[in-house]
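The values are calculated or read from the model by the stated rules, or taken from the named source; none is laboratory data. Computed from a predicted model, the values in this text were never measured in an experiment. Glycine also receives a Cβ, built like all others from the backbone with ideal geometry; neighbour counts cover every protein chain displayed.
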């Protein structure tokens, strides 16, 4: 920007000082005249020494005047000495004065030039600051291109508005970072490229960025530019402004899509939706409205209602309602009105009309929604005629019976339903059945499906929460099949008692079958397990370097047995063999547990130190690591809370250790699967009156009520298929309750961990 004019004109350069004749200053001029007089007198004296000197001597000295010749000689020598000296002095004074005058003039000129430059620089800084403020304050950004049409400068607003780093654009041409985003913009873009080639200005070119690997790819930019030329008219590039119109483009696109979506939605609505002005001209209509009037949507727009609907009485009534809503500005609900469609069929409509302002007309219009309730009204009338007859029938049934129309509104309740819902038939009539019976709300889809298919739909054993108690119910939806009837009957039977009996019977059968299953599986599993255990043991023996037979065979065939064992050790083959042996031992233990579950084992009971047993189990658990199950006891904090007064417990040491190990593993697996951040297991012992209490407490995910009720069932597990047998806790429960006549219980809530409690009798007489 050009610098603003200064407040006061700059001082003019200093002019030359006025001079005496021939450019000499006044003091020097006077000295020059005196010196000239002296020189002249002296010259005259030299030329006529006697006359002048005599006059001079007589004038000054009188009778005492000196010798004329001696004085003249002295004067002549003085003149010859003073004249050159005076001339040199005059020249030196003149030269000094000239130099001083030039220095003074140059100093004044430089000072003037310095002041002028300061004013220019100040104006330039003000201009730059003004330009920078304008650039930063504007909503657009500033850009520049060189003569090769590549970006050389982008203002800071570019990054703030687009999120694209300027270095990704600097050095690139416009066609390298973007393309036109529409057909119209492509045509505009072609013209813009031609303008660029012709070095002409351009405005409002819109393109879409396509920077590979940039998260802001696809932003819409609008730019305008003007060519830059130097004083000779040579093209230097372009300078212009740009704006990010991504939000605008997307808003316009979203608006268009929204309009199309709204058009599709209202066309899918089976009810009549329309908008009319004060004169009754259609401003909006959906497909249902057009179909009812025997026209298309395009044919209805801007046409009068009276021109389409030829039933004068209905037309006048509807237009009167429209004007009432427009004039009052208050919505109007018409519960029932007659409407004759283009086929001559009379429909009963339920209409809601709402006033709204049409922006294009700048006046109030009316928006209406009309629902065809003809079938609904007929259904209600038919149900009303059957009500008295059905009342006597349904009240005699013990099942909960709920009659509903196709929309789920209650039409009939029997006495059992009134008691279950705590509401009378009269009060419930016309209400949505899901509001009266919240536990049945999800059955609405079954109601519609049963009516549509014309056949009953059953939902067996649906769980219901009645006053905090879990109940089971069989729900059957019967569509009304009578003539001129529409709706369904929901029948609900409480089968809680039956389900509990069946569950008890199934559980009993499971418990009875486990014994036979375990006995049958034991023989089939023990044989391959024996081969696995024996084979792994023999392999370890055959490679042992301390056996003479192994070394003899190795030496005979030229193998270094020590190096072979070193290789097996470094490749962890020995560890694999040990894992095979441990897996076989665990499988054998599972078989033994199943046998224990099926019959009373011949275990030997004895007094054993409780703390020692617990520490033994912890050592076994600490060495257990399962990569697939993602748990490692070394990452679990173990807290001990032992009762010092509880030392010995009369039990089967092996079996109780197995129970505690199962509880520890279950806790570790549960905390690992749920990702407990700081897993902790607490082992606690207490002496109760007649029992020794052993508790295994974890801070894992806990269990819900449903899981707690089935936790000790055989083959029940919450783990994935193949992750567990579901026998661990059931076998543990059998060991504690049947083998030791104790008790095994659990307390847990979701998110609050679990507490397993083992109670073993302290007296031997209490054992079975």
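Taking region 216-280 and the strands (runs of 3 or more DSSP E) fully enclosed by it, the elements with 1 or more residues that are closer than 30 Å to residue 322 by Cα and either over 27 Å from the mean Cα position of the chain (by Cα) or modelled with pLDDT under 80 (or both) are at 272-276. All of (1) part of a helix (DSSP H, G or I); (2) assigned by TED's automatic domain parsing to the domain that holds residue 443 hold for residue 378 with one exception: (2).
Whether any residue in region 628-645 is in contact with a helix residue (DSSP H, G or I) (Cβ under 7 Å, 6 or more places away or on another chain), in a loop (DSSP other than H, G, I, E, B), farther than 15 Å from residue 687 by Cα and modelled with pLDDT under 85 is what I want to check.
Our first condition is that a residue be in contact with a helix residue (DSSP H, G or I) (Cβ under 7 Å, 6 or more places away or on another chain); within region 628-645, this holds for 629-631, 633-634, 636, 638, 642.
This time we only want the ones that are in a loop (DSSP other than H, G, I, E, B), so: 629-630, 636, 642.
So of that shortlist, the ones also farther than 15 Å from residue 687 by Cα come out as 629-630, 636.
Pick out the ones that are also modelled with pLDDT under 85 and you get 629-630.
Yes, region 628-645 contains at least one residue that is in contact with a helix residue (DSSP H, G or I) (Cβ under 7 Å, 6 or more places away or on another chain), in a loop (DSSP other than H, G, I, E, B), farther than 15 Å from residue 687 by Cα and modelled with pLDDT under 85.
Checked against (1) modelled with pLDDT of 80 or more; (2) over 39 Å from the mean Cα position of the chain (by Cα); (3) farther than 18 Å from residue 417 by Cα, residue 473 passes all but condition (3). May I ask you to verify whether residue 365 is in contact (Cβ under 8 Å) with a residue 12 or more places away in the chain, exposed (fewer than 14 other Cβ atoms within 10 Å of the Cβ) and assigned to a strand (DSSP E or B)? No.
Inspect all residues belonging to region 140-158 and state whether any of them is within 19 Å of residue 238 (Cβ to Cβ), in a helix (DSSP H, G or I) and either modelled with pLDDT under 80 or assigned by TED's automatic domain parsing to the domain that holds residue 240 (or both). First the steps, then the outcome.
Residues of region 140-158 that are within 19 Å of residue 238 (Cβ to Cβ), as a first pass: 140-155, 157-158.
From what's left, in a helix (DSSP H, G or I): 157-158.
After this cut, where a residue has to be either modelled with pLDDT under 80 or assigned by TED's automatic domain parsing to the domain that holds residue 240 (or both) as well, the list is 157-158.
Checked region 140-158: at least one residue is within 19 Å of residue 238 (Cβ to Cβ), in a helix (DSSP H, G or I) and either modelled with pLDDT under 80 or assigned by TED's automatic domain parsing to the domain that holds residue 240 (or both).
For region 409-456, filtered to residues that are surrounded by 20 or more Cβ atoms within 10 Å (Cβ to Cβ) and outside any helix (DSSP H, G or I), the residue that is modelled with the highest pLDDT is 410. For region 399-417, residues that are touching a helix residue (DSSP H, G or I) at 6+ places or on another chain (Cβ under 6 Å) and either without any contact (Cβ under 8 Å) to a residue 60 or more places away in the chain or not assigned by TED's automatic domain parsing to the domain that holds residue 478 (or both) total 4.
Test residue 174 against the criterion of being farther than 19 Å from residue 246 by Cα and at pLDDT 75 or above, and give yes or no. Show your work before the answer.
Numbers: farther than 19 Å from residue 246 by Cα: no; at pLDDT 75 or above: yes.
So residue 174 does not fit the description; no.
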